[in-house]
1. Contact list please: Cβ distance under 7 Å, first residue in segment 12-35 and within 19 Å of Ala264 (Cβ to Cβ) and crowded, with 16+ Cβ neighbours inside 10 Å, second residue of a type in the set (Gly, Ala, Ser) and modelled with pLDDT of 95 or more, pairs at least six apart or on different chains.
2. Is it the case that some residue within segment 320-338 is surrounded by 14 or more Cβ atoms within 10 Å (Cβ to Cβ), part of a loop (DSSP other than H, G, I, E, B) and modelled with pLDDT of 95 or more?
3. Going by the conditions given, is Gly203 closer than 19 Å to Tyr179 by Cβ and at pLDDT 95 or above?
4. Anything in segment 60-89 that is of a type outside the set (Phe, Trp, Tyr) and under 26 Å from the mean Cα position of the chain (by Cα)? List them, or say none.
5. With respect to Val50, determine if the residue is assigned by TED's automatic domain parsing to the domain that holds Leu122 and crowded, with 20+ Cβ neighbours inside 10 Å.
6. Is it true that some residue in segment 224-245 is closer than 16 Å to Ser123 by Cα and either touching a Ser or Thr at 6+ places or on another chain (Cβ under 9 Å) or hydrophobic (A, V, I, L, M, F, W, C) (or both)?
7. Going through segment 174-195 one residue at a time, which ones are surrounded by 14 or more Cβ atoms within 10 Å (Cβ to Cβ), in contact (Cβ under 8 Å) with a residue 60 or more places away in the chain and under 24 Å from Arg312 (Cβ atoms)?
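The values are calculated or read from the model by the stated rules, or taken from the named source; none is laboratory data. Not measured: the values here are computed from a predicted model. Neighbour counts run over all protein chains shown; Cβ positions are idealised from the backbone, glycine included.
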Amino acid sequence: MGCGDVKVVSCRPAWVKTSNRFTNLFARAVQDSGWNVQEFSWSGLFAPKVVLLHWPDELFTATDPIAHAKAAAKLAVLQVAKQVFGARLVWVVHETRPHDRGRQAKWSTCAFLKSLDGAIYLSHASKRAGEADIPELKQVPSLVTRHGHYRFDMERPLQPRPIPGQKLNLVYFGQIRPYKNLDGLINAARNISPDEISIRILGWCKDPDFARQLKDLAAGAPAVTLDVRDAFVPQADLEVALDDSDGVVLPYRNILNSGAALFALSRNRPVMAPRLGTLPELRDEIGPAWVDLYDDDITEQDLRAFMAGLRRPQPPVADLSRYEWGPIGESIGTFFDQISLKKSRSRSEQLQSDEARL
């Protein structure tokens, strides 16, 4: 299988073709576990024992003829890798359907799911949500692990949680897309005085019309400032924005896993977010002093409750010991060892997550 006894995993994305720090950290952890990580290539799938995909969005949304043809070709390549070269196909289930991407393509989704030899979930909540949304995933061997922290991938020294001043500074950071619910955040802050709080919305937006819509809304919310860019925000800028803040607001309409929440906590900034996906699990493990959750859509009352919590005495540093990458990488490497020794996609056998590593 693959290149003799060499343990090779082809990750998409891994090192080069990504601006996502999480996938880079993920690849490093897998490499440290004893697997040789290679950058994924559609033309180079004859070597790996494992092919790992983070966001195979095009296989879920191929509905027009051109996208249909491209998805069919990619599925065929994956089948050759599996059937001819013995590769195992693994999906990291960040979400069960792409955000803001229209309707799902049933034919390619079904073909992809039938090809899977393994699924990796970043929390127990992710596994429950994934299997509820896609029942076929119940038949796929799976691993439940964690989303690791970012503390060893920062460009600036970490700062402890600040003692709040008279005026609180909050920040949203990340992509600016409709599902992020930034319009809801602006509306919730409409009646809060800028003498009490400032809310900075920092991120990049590929939709000029949506950016203009947010600008129009923010004109009626004096506590809100927009810093909308047309390219990815450099990590150094994100770190400065977090260090200048008292807390982070992530007002998503829907979310399964939030790397932004772990990034904020890695810089010792408390997070306010909806009670969705993995966030309740994160709150239970790190504590309500660091993860403040609200129900339904964000309101002014939710913001004021978060503001009150920020003013209470709290620990200066978040305990992220459960989110170290070493044990996470070891659990993934062991999972790859297990599925690479089994026949491709044995539906009768479900690999269990290694609870001792959690």
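1. Leu25/Gly148
2. Within segment 320-338 (the criterion being surrounded by 14 or more Cβ atoms within 10 Å (Cβ to Cβ), part of a loop (DSSP other than H, G, I, E, B) and modelled with pLDDT of 95 or more), the answer is yes, since at least one residue qualifies.
3. On the way: closer than 19 Å to Tyr179 by Cβ: yes; at pLDDT 95 or above: yes.
When the stated conditions are applied, Gly203 passes them.
4. Thr61, Ala62, Thr63, Ala67, Lys70, Ala71, Lys74, Leu75, Leu78, Ala87, Arg88, Leu89
5. Numbers: assigned by TED's automatic domain parsing to the domain that holds Leu122: yes; crowded, with 20+ Cβ neighbours inside 10 Å: yes.
The answer is yes for Val50.
6. Keep residues of segment 224-245 that are closer than 16 Å to Ser123 by Cα, which gives none.
No, segment 224-245 contains no residue that is closer than 16 Å to Ser123 by Cα and either touching a Ser or Thr at 6+ places or on another chain (Cβ under 9 Å) or hydrophobic (A, V, I, L, M, F, W, C) (or both).
7. Leu185, Ala188, Ala189, Ile192
To keep it simple, each residue is scored yes or no on (1) part of a loop (DSSP other than H, G, I, E, B); (2) closer than 27 Å to Ala236 by Cβ.
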{"position": "Ala261", "(1), (2)": "no, yes"}
{"position": "Ala273", "(1), (2)": "no, yes"}
{"position": "Leu282", "(1), (2)": "no, yes"}
{"position": "Asp302", "(1), (2)": "no, no"}
{"position": "Ala305", "(1), (2)": "no, no"}
{"position": "Pro313", "(1), (2)": "yes, no"}
